[in-house]
Each structure stands twice: as structure tokens, then as C-alpha cells.
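J.: First the structure, which I've put down as C-alpha cells, then a few questions once you've had a look.
The values are calculated or read from the model by the stated rules, or taken from the named source; none is laboratory data. Please read these numbers as outputs of a predicted model, since none were measured by experiment. Cβ: placed from backbone, ideal geometry, glycine included. Neighbour counts: every protein chain shown. The protein model used for the area step is the full one, side chains on, heavy atoms only, and it has no ligands, DNA or RNA in it. Shrake-Rupley method; radii C 1.70, N 1.55, O 1.52, S 1.80 Å.
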Amino acid sequence: MALLALSRSDCLLRRCRHDRITTTTVVSSSGVQRQPRILILPFRTFRCTPPAFRIPSLSSSRVLPPRAVSGDILHDAGATAAVLAGAYSLVLGFDQLTQRNLIQQKLSRKLVHILSGLLFMMSWPMFSTSMEARYFASIVPTVNCLRLVINGLSLAKDEGLLKSLTREGKPAELLRGPLYYVLILIFSAVVFWRESPAGIISLGMMCGGDGIADIMGRRFGSKRLPYNQKKSWVGSISMFFFGFGVSIGMLYYFSALGYLELDWGKTVQKVGLVSVVATVVESLPIANVVDDNISVPLVSMVVAFLTFNT
């Protein structure tokens, strides 16, 4: 407050300002209080300059979430478009290799089986941390699911898709293994997402384990299993080691990015158990009853969920 000198005597002034009327109490040095005076001051308007930095108030904090949500939506939409373009380029690339006879159709189909699921799973960190991010990610396999249904029902004909994903080039084949495959991708993304080892391990077993087992079994599997002549020892051994290795690698990938916190001693044991169970299921002569793209990932999900939640 400003000090106002009323006389030459040693006085202490106390001032209380109320708009234009100011009451001033004068206290002498002897401690005797005199009659207060009322001074009429000219009217002045005081304008406060806002500070350069302001702590957000409660009202301003209510405005921030819509901006964050809008940013997440744009972010996830961009990630979805990028992953869709990558998935389409992957299939198109192997289709071109097959047409130029640079790679066999069976090998092309299995490589698409292996890479598409793993690359899709590795793209999950591209999406935001919002609750809706998993649904944006699931759009990618959903679009492929619609393509499979349309071509599988012969509503349209995509020769490249048939060569890349079918054994004999028949549209009906798209409604079996390939369709089950993308349904598992959708289920894993929506239900388990990045924070659960169960979904990651199930895709590791389906893509890495089952996919590589078929390649190794066809190339080197001369010795068949005694209870299933369509499966080989080499294929089953490959199923175990590659399923185990890919699953551990993907768990480490998400752990390094901060999505999982794992006790690696126990994790290796649990993934080993899941690999054994998945290998046994994959080797059973039940392919005519249930497809490997259903049995292997579902069993892996259940076992991994039970082992990692106990």
C-alpha cells in the first residue's frame, strides 16, 4: 500500500481502500488514536495484466480431454491407414513373386501366413494409449476378413489373393484357414491387446510356430509321426522351437517398450509349457475336424492365460 503523508509529525498510516472512498486512521507516536478522516480520492481504473504463465484452473482442465481424444483419433486413424497399406503391399509383393515364378505358391502362402500376423502384432505400438486404439488396430484384419468373405463367396475375384492364400486356387478355401486366421488376429487385438501375454503368445504360436513347422515339415519331414502320417518329427520339433522363440521374442519386444513387466525366469518356463501343449495339439490328426488356425491359437491362449494368471 502507498503511504500518504498528512503532516510533518511522525505518524503511522493505515489505509483501507474501497473504490473511491478511503478511510485513514491516524495513530500518533504517543499511541493516542485520533478521529479518522474520510478522503475522497479521484476515481481510477486499475487494469491487471495477466501473467505470462498461468496454472491451469479446473475449468481449463475440462477442456483438455476432448483435445487429447481428438488427437488420439487422428493418430490411430493414421496408424490404421499405414498398417493397411503395409498389409496390402505384403500380399501384393508375394503375389508378384509368385507370378514371376521366383517363389513357389505354397511357400508364398506360408510366408504370408508367418509375416502378416507378426508384422500386424509388431505394429501395435504405433497406436495410441487410448481405450479405442485396439479397435482401430482391429480394422486392419477386419478389412482383410471382408475381402476373404467377398472373394470366398465368389462375389468378386482377386487372382492375386487366391494365389497367395489358397492351396489349389479355389475361392472356397478362403473361407477356411485364411478366414480363421484373421478372426484370431481380431480376437487377440480386441480382447488381449498389448498388455496381456496370452494374446501375444497365441499369435506367436500360430504365426511363427505353426507357419514354420509346415515349411520345415514339407522340406525335411521324411519321417512321419506314428499317430499322424500327415505330420513329421521335423515339423513338430520346429513347431516347438520356433513357436517358443518367436513368442519369447515378441514378449521381449513389448516388454522393452514398457507394455509388460515380466519375471523372465518364470516366463521362459511358462512359454515352454505353452509351446509343448501347442505342439502336441498341432500334431494331432484332427485337421479335418478343426483347423490348425483355430486349435493352435485357442489352446495357446487358454494355457497362457491360466499360467500367467496363477
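J.: I need the helices (runs of 4 or more DSSP H) fully contained in region 196-310, keeping only those with at least 2 residues that are farther than 21 Å from residue 106 by Cα and aromatic (Phe, Trp, Tyr).
T.: 233-256, 292-308
J.: Within region 139-159, does at least one residue satisfy the condition of being crowded, with 19+ Cβ neighbours inside 10 Å, touching a residue at least 24 places away in the same chain (Cβ under 8 Å) and more than 30 Å from residue 69 (Cβ to Cβ)?
T.: yes
J.: If you scan region 128-157, which residues turn out to be farther than 19 Å from residue 82 by Cβ and not in a helix (DSSP H, G or I)?
T.: 131, 153, 154, 155, 156, 157
J.: I need a count of the residues in region 165-185 that are outside any loop (DSSP other than H, G, I, E, B), out of contact with any Ser or Thr (no Cβ under 6 Å at 6 or more places or on another chain), open to solvent by less than 30 Å² (accessible area, probe 1.4 Å) and closer than 21 Å to residue 92 by Cβ.
T.: Going through region 165-185 one residue at a time, the tally reaches 7.
J.: Next question, about the same structure. Could you check, for region 203-212, whether at least one of its residues is in contact (Cβ under 8 Å) with a residue 24 or more places away in the chain and open to solvent by 40 Å² or more (accessible area, probe 1.4 Å)?
T.: There is no residue in region 203-212 that is in contact (Cβ under 8 Å) with a residue 24 or more places away in the chain and open to solvent by 40 Å² or more (accessible area, probe 1.4 Å).
J.: Going through 283, 300, 295 one at a time, which residue ends up being open to solvent by less than 40 Å² (accessible area, probe 1.4 Å) and within 23 Å of the chain's Cα centre (by Cα)?
T.: Only one candidate qualifies: 300.
J.: Between 247, 232, 236, which is open to solvent by less than 50 Å² (accessible area, probe 1.4 Å) and either under 23 Å from residue 121 (Cα atoms) or touching a Pro at 6+ places or on another chain (Cβ under 7 Å) (or both)?
T.: Being open to solvent by less than 50 Å² (accessible area, probe 1.4 Å) and either under 23 Å from residue 121 (Cα atoms) or touching a Pro at 6+ places or on another chain (Cβ under 7 Å) (or both) holds for just one of 247, 232, 236, which is 247.
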